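Presented below is the structure to which this report refers.
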Amino acid sequence: MAENTTVSGAVKPTRARNRRGEGGRLRDEIVSAAVELLDETGDESTVTLRAVARRVGIAAPSIYRHFPDQPSIMLAVVRQAFAELEEQLRAGLAGAGDDPRRRLLAVGGAYLEFAQQHPGRYRTMFGGLWMPDLDATTLTAADLSSLGDASMGLLVDALERCVDAGIATSDDLVADGVALWVGLHGLAHQRAVTVAYPWPPDIAERLITALAHLKAE
């Protein structure tokens, strides 16, 4: 059997051709390979068409049947990462019960946990370095503008429940939801780049309490 060498030096057998109707499996393998490269290196510039093809064990031109260019692969990676983030946020909410304050703190904590667990994916989701000039790719503004909508919706919904319960004084749920996300994003980023800083143990709760306009218990 022929062999291909991956960018990390590992030897990967040439991939067997899909049977008719199994093209979707190759697409999934391409995305998985791109995620693996991103997780291993933490650098989205290593996710090239050639590197992904080597990782999957296919010739680079085979990718074009599923993705017209490298930004399209990265968009699929980012969409998958946002789906994983949404799943983690929902899991946090499910474990918080019905108390609105606990639910808001849980969704914020789950967000920060995701950023810490998947630093390469997280930077790519929000760093935007992979986004090319839209005039030079097949991507459209609509492809990018909806990224993260579901996760933001969960955050705003948790804040709304606090307002309805009379424990938060927000008078603009969308604006305060965005402010809360910006605060969480800033904390996630700073935790990643200033690992030796003595963060207060309750910094996340303090941040969420302030930005969500939560009343004192």
- [ ] Please give the contour-minus-distance gain from Ala59 to Leu147: 0.36 nm per residue of separation, less the Cα-Cα distance, rounded to one decimal in nm.
- [x] 28.7 nm
Task: Rough spin-label spacing in nm, given labels placed 7 Å along Cα→Cβ, for Asp135 and Thr41 - done: 2.9 nm
TODO: Treating only the Cβ atoms of Lys and Arg (+1) and Asp and Glu (-1) as charged, compute the dipole magnitude of the chain about its Cα centre; round to the nearest 20 debye.
DONE: 1040 debye
TODO: Specify which residue in the list Ala210, Gly57, Pro68 is farthest towards the positive end of the charge dipole of the chain, using unit charges on the beta carbon of Lys, Arg (+1) and Asp, Glu (-1), about the Cα centre.
DONE: Gly57
TODO: Before rounding to the nearest 500, sum -39500 (n - 2.57) across all DSSP H runs of length at least 4 in the chain and divide by the residue total; then give [θ] at 222 nm in deg cm²/dmol.
DONE: -19500 deg cm²/dmol
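Once a ≥ b ≥ c are taken as the square roots of the eigenvalues of the Cα gyration tensor of segment 69-217, is the result rounded (a/c under 1.5), prolate (a/b larger than b/c) or oblate (a/b not larger than b/c)? Write out the running numbers ahead of the final one.
Values: a/c = 2.14, a/b = 1.61, b/c = 1.33.
Since a/c reaches 1.5 and a/b is larger than b/c, the shape of segment 69-217 is classed as prolate.
Computed from the coordinates by the stated procedures, all read-outs in this text should not be read as laboratory data. Since this is a predicted model, take the numbers as computed values, not measurements. Ideal geometry is used to build each Cβ from the backbone, glycine not excepted, and the neighbour counts take in all protein chains shown.
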